[in-house]
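The values are calculated or read from the model by the stated rules, or taken from the named source; none is laboratory data. Quick caveat, the model's predicted, so the values are computed rather than measured. For neighbour counting, all protein chains shown are included, and Cβ atoms are generated from backbone atoms with ideal geometry for every residue, glycine included.
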Amino acid sequence: MHCPDCRYDNIPGADICQKCGKPLPQVELSASEMERSIMVHPVSVLAIKAPVSVAPTATVRSAVDAMIRNKIGCVLIVDGSALAGIFTERDVLNRVSPQPGALDRPISEFMTPSPETLRTGDSIAYALHSMTMHGLRHLPVVDANGQAVSIVSIRDVLRLLAVRFADIRSA
Amino acid sequence: MAEPGPQFDLRTLFTTTTVGELTLTQVPKLSPGDTVEQAATAMRAVSHGCALVCDSGKLVGIITERDLLKLLVAPDQFRSPVGKVMTSAPKTVSATAQLFEAVRLMDQGGYRRLPVVDGQQCPVGIVDVKSVIAYLVEQMPATIYNQAASALLSVREREGA
């Protein structure tokens, strides 16, 4: 179980985090199979996509083209190897569509800088919490070096739950 | 022996909850003759990613932020009427349908949202992935919000440090 606070990987069954001493969320025995499952399984078990990224100096147009070409809802802005921002369909609606001249400006002016992220070991329950609390559809997943390795979308999570726990594909 | 806790079975939840029991999102309604630019303005005003297109009160189409994204890089599309670029006759659900049906339709079609219509095909709102997830999270607060408590607490402590 990864500590939701300092992200230390504790041994299963630990009550408090061995590193920072904070209480760990307890996987209640009374919880359902689904609840237990989303608390112990990390987001990496989702069929998540490798991120598509562009440089901060790339134009908005090239980012939009990449979203269309790859049939995705967001791109990451990566500076060197560091995650600098995220640019989503919603940013296109809110920030780009009022001023079509924006298409030839650098993406760094229209992205959301320092986005919320998940760590590879974070649980699916934690991802759900973060998405609901911040009202986000996409969260980049970063490794220990802060490098973005994948993107989790709220649709990925619903699909997993619906297929695995509601048998949605057999009517 | 301890009583077993309340069991949470997702299929049961999906088949015993109707679409109308969720908080349906209200989105802008447009006429087929409105321009794409007007659609974008209406969607921005409520910060929502879709608008429904109605003719005499009946749903005839849907336009989403995904459509806007594609139209934005095509020349001069923003002055087109939405009636020309919308998705006509989108899949819909009724408010009395099982949530299971809505989630199944979204999964099958790869839709992020479905218009909810009454018996006369008049829209009463939309159901989307976000509202389904919000509903699920409400059903298992301990599982989701326990994760929060510790993270939030530590943020406050760090700021105060």
Picked from region A:91-103 (must be closer than 24 Å to B:R112 by Cα and in contact (Cβ under 8 Å) with a residue 12 or more places away in the chain), the residue surrounded by the fewest Cβ atoms within 10 Å (Cβ to Cβ) is A:R95
Checking A:V141, A:V152 in turn, the sole residue that is away from chain B (no Cβ under 14 Å), in contact with a helix residue (DSSP H, G or I) (Cβ under 7 Å, 6 or more places away or on another chain), closer than 29 Å to A:N10 by Cβ and not basic (K, R) turns out to be A:V141
When every residue in region A:125-138 that is facing another protein chain (nearest Cβ under 10 Å) and touching a residue at least 12 places away in the same chain (Cβ under 8 Å) is compared, the one nearest to A:D5 (Cα to Cα) is A:Y126
Return yes when B:K70 is within 9 Å of chain A (Cβ to nearest Cβ) and under 14 Å from the mean Cα position of the chain (by Cα) and no when it is not. no
### Query
Do we find that A:L76 is part of a loop (DSSP other than H, G, I, E, B), aliphatic (A, V, I, L, M) and surrounded by 18 or more Cβ atoms within 10 Å (Cβ to Cβ) in this structure?
no
Taking region B:23-36 and keeping only residues that are in contact with a Ser or Thr (Cβ under 8 Å, 6 or more places away or on another chain) and not polar (S, T, N, Q), one is left with B:L24, B:V36
Taking region A:85-103 and keeping only residues that are within 7 Å of chain B (Cβ to nearest Cβ) and polar (S, T, N, Q), one is left with A:N94, A:S97
Scanning region B:43-57 for residues that are closer than 17 Å to A:D91 by Cα and within 16 Å of the chain's Cα centre (by Cα) gives B:M43, B:R44, B:V46, B:S47, B:H48, B:G49, B:C50, B:A51
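If only one of B:P90, B:P141 is modelled with pLDDT of 95 or more and not acidic (D, E), which one is it?
B:P90
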Looking at the structure I just gave you, is A:A82 buried (at least 20 other Cβ atoms within 10 Å of the Cβ) and either more than 7 Å from every other protein chain (Cβ to nearest Cβ) or not basic (K, R) (or both)?
no
Log entry, pairs with first residue in region A:9-34 being more than 10 Å from chain B (Cβ to nearest Cβ), second being modelled with pLDDT under 75 and surrounded by 13 or more Cβ atoms within 10 Å (Cβ to Cβ), beta carbons closer than 6 Å, six or more apart or on different chains, reads A:D9/A:H2; A:N10/A:M1
Over region B:58-67, the set of residues away from chain A (no Cβ under 14 Å) and within 18 Å of the chain's Cα centre (by Cα) is B:L59, B:V60, B:G61, B:I62
